[in-house]
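**Q** Quick one: structure below, then a few questions.
The values are calculated or read from the model by the stated rules, or taken from the named source; none is laboratory data. Worth saying up front: this structure is predicted, and the values here are computed from it rather than measured. Cβ coordinates were reconstructed from backbone atoms using ideal geometry, including for glycine residues, and neighbour counts include every protein chain displayed.
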Amino acid sequence: MWRKYAILAVSALVLASAPLEVAGQGGCASVIARRDIKSLSGAERNEFFEGVRRLQEEPRPNRYDRFAYIHLQATFEAHHNAKFLPWHRQLTYQFELALIDATRNPNFRVPYWDWSKDSQAPAQSIIFSDSWFGGNGRPGDSCITTGRFASWKPMYREGSEPECLSRQFNSGDSISPFSTTDDIARLLEISSFVDFSKEFEDVAHAQVHNNIGAGFMKMASPNDPLFWVHHSFVDKVWAHWQSRGDRMLAYNGANSDGSPARPEDPLHMLGGTVGSVMDFRRLCYTYDDLGSARMSRRSTGDGGLGGLLGLGNGGGGKHGDGAQAAAKGIKSRVVTLAEDELLPSADDHAELFQLRDIKPLSEEYIRKCGGNVTRTREYEAKTREFHRQINKMPDYISPSALINRKDLLQRLTAERSTFTATRGRKRCVLETPGGAASPSVLDSLIKTATLSLSLSVDLLLGGGSRQGGLTSLVPLVGQKGADYIKAAYAS
Ligand SMILES: [Cu+2]
């Protein structure tokens with residue numbers, strides 16, 4: 001069925017401000033948005049899980065098996081060359097078509113997992129919960145024992161992988177940090193397709209595979225349903241990059257055999273050409289925050305930090321009360337840091353305001369699919385320096401910082417009692433009563449941190465822009481990068 005789209009002429013249309021649902025072009029009834037998996041209703045999420053299960057229950061080798069097989073066979077054609085993004089777009093699109101069939105819902109689209117928002121404590125993400133994708137593998141064989149797909153036995157595996165879905169978090173019980181919303185914004189500023197694609201593949205995309213580990217860092221990783229929500233997000237970042245200015249058809253670099261990359265190049269084992277997938281709207285999908293619809297949305301809702309802090313009904317005027325409420329449950333002291341403490345280690349679980357360091361990818365992972373260790377280390381050094389620069393800014397706190405990820409923080413407060421909140425050289429050390437993850441503990445934590453460092457809580461919501469926070473970020477990520485980051489505070 002997908003072949004129908006593969007032969008379509010490439011459109012020169014540039015995406016301006018696409019509504020969420022527009023009249024389809026090139027055979028689409030409509031262009032429908034792929035959505036953030038966290039924003040789906042329980043029933044919508046269940047439709048995805050059920051659809052996957054139906055594919056997996058077909059006689060072996062079945063349609064689900066086929067994706068892992070293709071990915072394994074296409075390792076060198078599909079990675080570390082210009083085709084990485086278009087090849088994975090076609091793979092994810094074909095998976096989407098299979099799920100449209102399995103769910104009998106023509107409007108089904110593969111949801112995405114925005115891992116940049118979970119980047120500072122990935123293992124705390126709801127993604128890994130029992131009723132979603134399940135968590136870490138067990139000691140020994142790394143087989144997962146929780147989640148919707150724990151009993152799935154993959155047919156095609158790389159080398160001596162066990163006959164199970166396996167994961168082995170790279171820091172024991174936890175996962176090292178992923179790339180942040182700011183890192184994505186910086187990537188979107190890269191003007192050459194090949195430079196953007198290489199750095200994105202080598203660091204941000206690779207960290208997710210490598211840090212989750214075991215089967216997820218193998219070439220049969222489409223066996224793990226987590227692969228699809230990861231690659232839907234990878235594709236979304238490319239779609240954002242394409243939607244900036246005149247980049248929809250931008251494509252250059254080299255193929256796996258060294259020949260110059262061209263739109264008419266075939267997509268190995270999938271069919272179609274690079275050119276047939278460049279304009280994703282011809283594949284009948286877009287993303288929920290592409291275009292004008294949601295970019296200016298701003299959360300003031302009950303679930304957000306604004307609601308938590310009682311902003312909007314008193315706001316800053318409540319600081320006095322806040323100090324007293326804070327003093328009740330949380331102990332705090334302020335210390336002064338040395339210059340080399342401006343970048344918390346990748347294994348730090350305490351810091352609320354700063355971005356963490358990243359852990360270097362394992363050489364095993366880099367080499368497996370033809371990556372270049374030296375180049376990867378250069379990209380990693382760039383990321384590290386970027387985080388250091390962000391952490392030095394007095395009036396900016398990333399939307400990826402833990403203080404802005406209440407869902408992650410709530411789970412962390414159940415596990416540990418000491419946290420730190422750092423601005424410049426001042427660090428506030430906070431002690432919670434421990435063992436509690438109640439909203440009031442979180443509330444006190446946030447209030448105590450901001451008051452101890454004489455910060456405005458508005459800063460945590462991106463409101464620092466009025467004092468120059470996002471404005472001073474512009475030299476680093478551009479105006480559009482700053483806009484991308486601003487939108488992230490809202491969701
Ligand atoms: Cu891949």
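**Q** Take the residues in the stretch 59-96 that are within 11 Å of the ligand (Cβ to nearest atom) and of a type in the set (S, T, N, Q), then tell me which one is nearest to Lys236 (Cα to Cα).
**A** Thr92
**Q** With the structure loaded, tell me whether Ser142 is touching a strand residue (DSSP E or B) at 6+ places or on another chain (Cβ under 7 Å), surrounded by fewer than 22 Cβ atoms within 10 Å (Cβ to Cβ) and touching a residue at least 40 places away in the same chain (Cβ under 8 Å) or whether it fails that test.
**A** In short, yes.
**Q** Quick one: would you say Leu99 is within 16 Å of the ligand (Cβ to nearest atom) and surrounded by 21 or more Cβ atoms within 10 Å (Cβ to Cβ)?
**A** Criteria not met by Leu99.
**Q** A follow-up question, please. Pairs needed: first member in the stretch 62-80, of a type in the set (S, T, N, Q); second member anywhere, near the ligand (Cβ under 10 Å from one of its atoms); C-beta distance under 7 Å; at least 6 residues apart or different chains.
**A** Pairs found: Thr75/Met219; Thr75/Cys369.
**Q** Within the stretch 33-123, considering only helices (runs of 4 or more DSSP H) that don't extend past its boundaries, which have at least 2 residues that are of a type in the set (Gly, Ala, Ser) and out of contact with any Ser or Thr (no Cβ under 6 Å at 6 or more places or on another chain)?
**A** Those helices (runs of 4 or more DSSP H) span 42-56, 84-103.
**Q** For the stretch 64-87, check the following and say yes or no: at least one residue is over 30 Å from Asp257 (Cβ atoms) and at pLDDT 95 or above.
**A** Looking for residues that are over 30 Å from Asp257 (Cβ atoms) and at pLDDT 95 or above, one finds at least one in the stretch 64-87, hence yes.
**Q** Let me ask you something else. What do you reckon, is Leu361 assigned by TED's automatic domain parsing to the domain that holds Arg416, touching a helix residue (DSSP H, G or I) at 6+ places or on another chain (Cβ under 8 Å) and more than 22 Å from Ser456 (Cα to Cα)?
**A** no
Results for (1) over 25 Å from the mean Cα position of the chain (by Cα); (2) over 25 Å from Ser345 (Cα atoms), shown as yes or no for each residue.
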site	(1), (2)
Ala123	no, no
Ser129	no, yes
Asn136	no, no
Gly140	yes, yes
Ala150	no, yes
Tyr156	yes, yes
Ser160	yes, yes
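**Q** Restricting attention to the stretch 202-250, report how many residues are within 12 Å of the ligand (Cβ to nearest atom) and among the hydrophobic types (A, V, I, L, M, F, W, C).
**A** Of the residues in the stretch 202-250, 9 are within 12 Å of the ligand (Cβ to nearest atom) and among the hydrophobic types (A, V, I, L, M, F, W, C).
**Q** Hey, another quick one. Filtering the stretch 147-187 down to residues that are within 19 Å of Val208 (Cα to Cα) and among the hydroxyl-bearing types (Ser, Thr, Tyr), which residue is surrounded by the most Cβ atoms within 10 Å (Cβ to Cβ)?
**A** Thr180
**Q** Find the residue count for the stretch 334-354, including only residues that are of a type in the set (Val, Ile, Thr) and in contact with a helix residue (DSSP H, G or I) (Cβ under 8 Å, 6 or more places away or on another chain).
**A** Result for the stretch 334-354: 1.
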